[in-house]
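S.K.: Quick one: the structure is below, questions incoming.
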């Protein structure tokens, strides 16, 4: 997503957000920003945060990606629950309790240490490298690919949606476990969201191309920093990786538009083609 596109979308979010704040919303006010991989969430969140900060509103950005469980914790899940859980991303592979504690801490004065996840090494960075954020925050932007998502019905889980589920989750144990996590602790976390924003991809097929762009950018950044790029994914690995996300991504695109407070439909170039602003809760 270009900086110009991100700025335009951030402005679409900012207008209804400021109306809510004028109405005397409790602080911190939490914006949930949901969008498929590569949809531009991080760039939009950064631009929106800058706009709010410039007007005197203290703003914190919490990324769901930074709440991923460390590699060793996911390896334990893979051994004890299902092998597919070694791959980060789906509900059940985040530290939900940590996320809730961070949101709670941002309501009180002090410095809050935000975790950072290193996608190149596929694990959490050492605590010494976590970023300090000053609290309390007036606005928290909570961004992630499944932020605000709701679980599927049992019937919807019956049939596999792709080859990964067909071949490696033929009995549905993985997807039922993931759905149970989403129905449990994740819903408790998402209840704190005051305004839900959806950046809607035109469909799941475009996510692969968007995800490849992300990986190319990560590889280039590591190269520029003279760091090892062996942990990055090639195209074949990306194609497999995103299959873990397909079921819930498609569910979000079907279910969330009807209740999002701000709905932005994107085309394949991430240009907004349809925008709804209002309260659909």
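Bear in mind these aren't lab numbers, they're just calculated from the coordinates by the rules spelled out. Given the structure is predicted, the values throughout are model-derived calculations rather than measurements. Note that each Cβ is placed from the backbone with ideal geometry, even for glycine, and that neighbours are counted across all protein chains shown.
S.K.: Arrange the following residues from fewest to most other Cβ atoms within 10 Å of their Cβ: 249, 123, 223.
M.R.: If I rank by nearby Cβ atoms, fewest first, I get 223, 123, 249.
S.K.: Can you check what the Kirkwood hydrodynamic radius comes to for the stretch 55-133, Cα pairs only, in Å to one decimal?
M.R.: That comes to 13.6 Å for the stretch 55-133.
S.K.: Take every Cα pair under 8 Å in the chain that's 6+ residues apart, average their separations, divide by the length, and report that relative contact order as a whole percent. Write down the numbers at each step before the final one.
M.R.: Working: 455 pairs, mean separation 71.5, N = 281.
Contact order relative to length: 25 percent.
S.K.: Average projected area of the Cα convex hull of the chain, in nm²? Could the numbers behind the result be given before it?
M.R.: Details: hull surface 58.4 nm².
Directional mean of the projected Cα hull area for the chain stands at 14.6 nm².
S.K.: May I ask what percent, to the nearest 5, of DSSP beta bridges between residues of the chain are antiparallel?
M.R.: Details: 13 of 33 bridges.
The antiparallel proportion sits near 40 percent.
S.K.: Starting from the eigenvalues of the Cα gyration tensor, five times each then square-rooted, give me the equivalent ellipsoid semi-axes of the stretch 73-113, largest first, whole Å.
M.R.: 30, 8, 7
S.K.: Given the C-alpha atoms of the stretch 1-124, compute the convex hull and give its volume per residue in Å³.
M.R.: In the stretch 1-124, the Cα hull volume divided by residue count equals 128 Å³.
S.K.: Top mean-square fluctuation among 271, 247, 20, Gaussian network model of the chain, C-alpha springs under 10 Å?
M.R.: Highest fluctuation of the listed residues: 20.
S.K.: For the stretch 79-207, what is Rg from Cα atoms divided by 2.2 N^0.38 Å, rounded to two decimals?
M.R.: Numbers: Rg = 16.9 Å, N = 129, 2.2 N^0.38 = 13.9 Å.
Dividing the Cα radius of gyration by 2.2 N^0.38 Å gives 1.22.
S.K.: I would also like to ask the following. Helix-only mean residue ellipticity at 222 nm, the chain, DSSP H runs n ≥ 4 weighted -39,500 (n - 2.57), per residue, nearest 500. What is it?
M.R.: Helix-only estimate at 222 nm: -13000 deg cm²/dmol.
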